[in-house]
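Q: This is the structure I want to talk about, given as structure tokens.
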Amino acid sequence: MDLGGIHHVTAVSGHIAENVDFYTKTLGMRLVKKSVNQDDVSAYHLFYADKVGSPGTDMTFFDWPHIGTERRGTDSIVATAFRVKGSEALAYWKARFDELEVAHDGIETFDGRGVLRFEDPEGQRLLLVDDQGEAYEGEVWDGSDVSPEFAIRGFYAVMLSVINLEQMAPLFTQLLNFREARRSSDAAGREVVIYHIGAGGPGRELWVIVEPDKARAQLGAGGVHHVAFRVADDGEQQSWRNRLTEIGLPVSGFIDRYYFRSIYFRISNGILFEIATDGPGFTADEDLETLGEKLALPPFLEPQRERIEAGLKPIGA
Ligand code: ZN
């Protein structure tokens, strides 16, 4: 039983209007869903993805203006890598970042592929990875000024920092069925353990660095809250839940997120994982043509729409 790769990454923003501008305009992603935090309806929950909101392309943000900036450290999700097609795409993005004054480290090589490390305006650590033209199941968004041939095609990998690999490795390999593929040095000279989810490659890699001497990260704006992995349907999710609970790991119940169904579990104090179903997807409550244009509310909040809309700050998209 293998997970199907990365489903989505959920991160934190303290400046949601700028966040919208960066992910939709600078990165050219589609805002496929504009919703609210179900526990605090004065805050947005935004979802950026490809044109059709394919699983494996969706970066989401909690709008937490008062949380303060993330304190970077170990025991956390430290970077999110997106995929683009070919070295020409990386060159395009480097030039675009230069022009738009996006902080980046230039084109580097990691694990035999070109990569471009960069940050969003709040210090969210991101990379673009040359996927070398490998198959992509989704459809790129053609509604921004990014040339579709160079557009972001979902995730390549996420990177974790752990304190003790000997403790964590059995969780990755024996419990979650990831396979250690190889070890590679990144441009900063750190050893990165590359795990494959299923066959590995775009959307199916977990990169792990070991930092025993660093302080633990403290979540805040510019940080990642959790990463979700894909399952095809409720049956697979049930099987995974059984497997996790059998070894005594605390796992949440099944939570209906309307666009997918989710279970959550911590693999450490600081690292939260989720397993989410591919369906029903972002067209569950909106047409494909108009995804993300109006505020989407779960049915139980719909009666309060007017009050909720009045309490939200305007955002650009
Ligand atoms: Zn999630």
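Every read-out reported here was derived from the displayed coordinates using simple, explicitly stated rules and does not represent laboratory data. All values reported here derive from a predicted model rather than from experimental measurement. Reconstructed Cβ throughout: ideal geometry from the backbone, glycine too, with neighbour counts over all protein chains shown.
Q: Would you list which aspartates and glutamates come within 15 Å of LYS51, measuring only between C-alpha atoms, while excluding same-chain residues fewer than 8 positions from it?
A: The reachable aspartates and glutamates, counting only those whose Cα sits under 15 Å from LYS51, are GLU137, GLU139, ASP142, ASP145, GLU149, GLU286, ASP287, GLU289, GLU293.
Q: Non-local amide H neighbours of ALA79 (under 5 Å, H modeled in plane, Pro and chain starts lacking H): which ones?
A: Here MET159 satisfy the definition.
Q: Given the options GLN38, GLN167, GLN237, which has the most mean-square fluctuation in a GNM of the chain, springs set between C-alpha atoms less than 10 angstrom apart?
A: GLN167
Q: Using modelled backbone amide H atoms (1.01 Å from N, in-plane), which distant-in-sequence or interchain residues come within less than 5 Å of SER54's amide H?
A: GLU139
Q: Fewest first, what order do VAL140, VAL158 take by the number of other Cβ atoms within 10 Å?
A: Lowest count first: VAL158, VAL140.
Q: Within the chain, which is the longest segment containing none of the GluC sites (Glu not before Pro) that sit in a DSSP loop and have at most 15 other Cβ atoms within 10 Å?
A: 138-292
Q: Which cross-chain or sequence-distant (5 or more) residues have an amide H under 5 Å from the amide H of GLY220, H modelled 1.01 Å from N in plane?
A: It is GLU70, ARG71, by chain and number.
Q: Quote the Stokes-Einstein diffusion coefficient, in whole µm² s⁻¹, for the chain, based on the Kirkwood radius over alpha carbon pairs, a temperature of 10 °C and a viscosity of 1.306 mPa s.
A: Reported coefficient: 80 µm²/s.
Q: Note down the nm distance, to one decimal, between modelled labels 7 Å out along Cα→Cβ at ARG71 and at ILE247.
A: Once both label points are built, they end up 3.0 nm from each other.
Q: Short version: ³J(HN,Hα) in whole Hz for each residue of the range 123-135, in order, from phi by Karplus 6.51 cos²θ - 1.76 cosθ + 1.60 (θ = phi - 60°), x for Gly and Pro, what are they?
A: Computed from phi, the couplings for the range 123-135 are x, 5, 7, 10, 9, 10, 10, 5, 7, 6, x, 5, 3 Hz.
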